[in-house]
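A quick write-up on the structure given underneath.
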Amino acid sequence: MSNNYKRGDKDTRPWGTWEVLDCGENFCVKKICVNPHSKLSLQLHHYRGEHWIIVKGTAKVTLGDDILTKTVDEAVYIPVNTKHRIENDTESMVEFIEIQTGDNLDENDIVRLEDIYGRA
């Protein structure tokens with residue numbers, strides 16, 4: 001099992017920020033904030049699934065071949081090996097809680113399929 005995160009870790013990305021709220025042997029809980037008119041890379045993970053719960057704003061979520069609109073108190077489950085992305089097409093911040101579960105929670109399990117910031 002691989003997990004380099006610890007509680008309180010924070011990072012700023014081109015699309016917004018994330019902060020680790022808690023983590024353990026096979027899980028990590030993050031608060032993720034997506035700036036207005038920003039989006040994360042279209043990606044997938046080979047070793048972890050993710051659960052997203054929207055806590056602020058309205059998000060556009062790519063899940064496999066589907067495009068979903070999710071608002072406060074709505075959730076999405078992203079199975080292992082499923083392409084996914086979250087986008088904020090609004091003027092307000094989108095915030096969600098991400099719960100990662102699996103055997104590898106490190107950044108090296110991010111397979112970027114498309115990225116507007118040149119990281120793919």
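Could you tell me whether segment 72-84 includes any residue that is more than 11 Å from the chain's Cα centre (by Cα), among the hydroxyl-bearing types (S, T, Y) and surrounded by 14 or more Cβ atoms within 10 Å (Cβ to Cβ)?
For segment 72-84, residues more than 11 Å from the chain's Cα centre (by Cα), among the hydroxyl-bearing types (S, T, Y) and surrounded by 14 or more Cβ atoms within 10 Å (Cβ to Cβ): present.
Could you pull out every one of the strands (runs of 3 or more DSSP E) wholly within segment 25-120 that has 1 or more residues that are β-branched (V, I, T)? Write out each step before concluding.
Values: elements: 27-34, 42-44, 48-56, 59-63, 66-70, 75-78, 84-88, 94-102, 111-114.
In segment 25-120, the matching strands (runs of 3 or more DSSP E) lie at 27-34, 48-56, 59-63, 66-70, 75-78, 84-88, 94-102, 111-114.
Restricting attention to segment 1-24, and to residues there that are in a strand (DSSP E or B) and among the polar types (S, T, N, Q), which single residue is farthest from the chain's Cα centre (by Cα)?
Going residue by residue through segment 1-24, those that are in a strand (DSSP E or B) are 2, 10-13, 16-23.
Still in the running and among the polar types (S, T, N, Q): 2, 12, 17.
On the way: S2: 18, T12: 13, T17: 11 Å.
Filtering segment 1-24 for residues that are in a strand (DSSP E or B) and among the polar types (S, T, N, Q), the one farthest from the chain's Cα centre (by Cα) comes out as S2.
Could you tell me whether segment 44-66 includes any residue that is at pLDDT 95 or above, buried (at least 19 other Cβ atoms within 10 Å of the Cβ) and acidic (D, E)?
Yes, segment 44-66 contains at least one residue that is at pLDDT 95 or above, buried (at least 19 other Cβ atoms within 10 Å of the Cβ) and acidic (D, E).
The values are calculated or read from the model by the stated rules, or taken from the named source; none is laboratory data. Here the structure is a predicted model, which means the values were calculated and not measured. For neighbour counting, all protein chains shown are included, and Cβ atoms are generated from backbone atoms with ideal geometry for every residue, glycine included.
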